[in-house]
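Please treat every number below as a calculation from the coordinates, not as lab data. All values reported here derive from a predicted model rather than from experimental measurement. Here the Cβ positions follow ideal geometry from the backbone for every residue, glycine too, while neighbour counts run over all protein chains shown.
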Amino acid sequence: MFELTFLGTSASAPSIKRGLSSLVVQHDEYRFMVDCGEGTQRQILKSGIGFKRLNHILLTHGHLDHILGLAGLLSTFLRWEAIDEVNLYGSRHTMERVDDLINGVVLRRQPAPIPVNLFDIKPGLIFSTDKFQITAFAVDHRGSGSLGFRFDEFGRRPFIPQAAEALGIPPGPWRKDLVAGKAITLTDGRVIQPDQVLGPEVPGTSLAVVGDVGRPEKLLEHVRGVDGLVMEATYLTEEREMAETFGHSTAEQSATLAKEAGAGQLILTHLSRRYRDDDILDEARAVFPQTWLARDFDNYQIKKAE
């Protein structure tokens, strides 16, 4: 399961009710911020999620409405020593702008009191644990070297307590080893194989987070089958020509991608002040009913459909 907290959901400029792009994805003890628009650190404080373990920041692209909040946030990190290190991930184009902002403005090319690591990443695997992985994929948005991010839990074989009881396996380390796929030897000499107490593999949960995108149809293979898709809806279809000019998607286009990809649900963000929320939601739900409209401080749980 992945937990989402939206910190900013406005497009291009903040509004009274919406801050600029930022989202936190959590899986167990890991937390990943995706984008960091202006004012994000104040949104963190208002949300109550705190600064601890926010040491991984994934950047979809280098436009200022997605990165400008890094200056203030990192200044706070460095002053409060709330975390041990900061890891920033983005394309080369993005990292060049982030380097100017962080090392040029915040640090003035002086050593930081904690490691601030800038990772120039390319499409492919960028992060992995024993429970999930994150891959990056290319996104078209006005030549900005944009990336989207897919979070995939690894499949697991559920432990069957009844089978363990029938075999006389007591709770404790033996059962833990079997869950880890290791054979065990009981005190009576019997060797128990994992297959004897584990059920068929259950697929893990998947989530895709996309920033600004001008050609959503090109993302189909990257987001196919995800349980949750977070994507922009900057324009309505009535202004599709303007959306194409500025490299953005309409609510209908995002919903069409979710439908064709077989997504479990679609959460729309990066919303323009020019439209009513209901109009955006109505346009998307006409194509893909399992659509939601993110608001600042909204929380979602992305789970595998039953």
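Things to note:
- Under the combined filter of DSSP loop state and at most 14 neighbouring Cβ atoms within 10 Å, the stretch 202-250 retains none of its GluC sites (Glu not before Pro).
- The lysines within cross-link reach of LYS131, meaning a Cα-to-Cα straight distance under 16 Å and a gap of 8 or more places when in the same chain, are LYS176, LYS303, LYS304.
- Sparse-neighbour loop sites [chymotrypsin sites (Phe, Trp or Tyr not before Pro); the stretch 149-242; at most 11 other C-beta within 10 Å; DSSP]: none
- Between VAL34 and LEU23, VAL24, VAL25, LEU58, the built amide H atoms are under 5 Å apart, and every one of these is 5 or more places off in sequence or on another chain.
- Calculated diffusion of the chain, Stokes-Einstein form, Kirkwood radius summed over Cα pairs, 37 °C and 0.692 mPa s, µm²/s: 158
- Beta-bridge orientation, the chain: approximately 60 percent antiparallel, per DSSP, counting only bridges with both partners inside.
- Nonlocal amide H pairs with ALA112, under 5 Å, H built at 1.01 Å: none
- Candidate aspartates and glutamates for bridging to LYS218, where Cα separation is under 12 Å - those fewer than 8 sequence places away on the same chain excluded: ASP140, GLU260
- Computed 3J(HN,Hα) for the stretch 6-22, one whole-Hz value per residue from the Karplus formula 6.51 cos²θ - 1.76 cosθ + 1.60 where θ = phi - 60°, is 8, 9, x, 10, 8, 9, 6, 9, x, 10, 4, 9, 10, x, 7, 3, 5, glycine and proline marked x.
- With respect to the chain, whose longest principal axis is taken over its alpha-carbon atoms, helix 69-80 is tilted by about 60°.
- Here's the list of aspartates and glutamates a cross-link from LYS52 could span, going by alpha-carbon distance under 19 Å and ignoring same-chain residues fewer than 8 apart: GLU3, ASP28, GLU29, ASP35, GLU81, ASP84, GLU85.
- Choice from SER128, SER249, SER206 showing the highest fluctuation, given a GNM over the chain with Cα pairs closer than 10 Å: SER128
- Rounded to whole numbers, the Karplus 3J(HN,Hα) couplings from phi for the stretch 195-203 are 4, 6, 10, 10, x, x, 5, 9, x Hz, using 6.51 cos²θ - 1.76 cosθ + 1.60 with θ = phi - 60°, and x at Gly and Pro.
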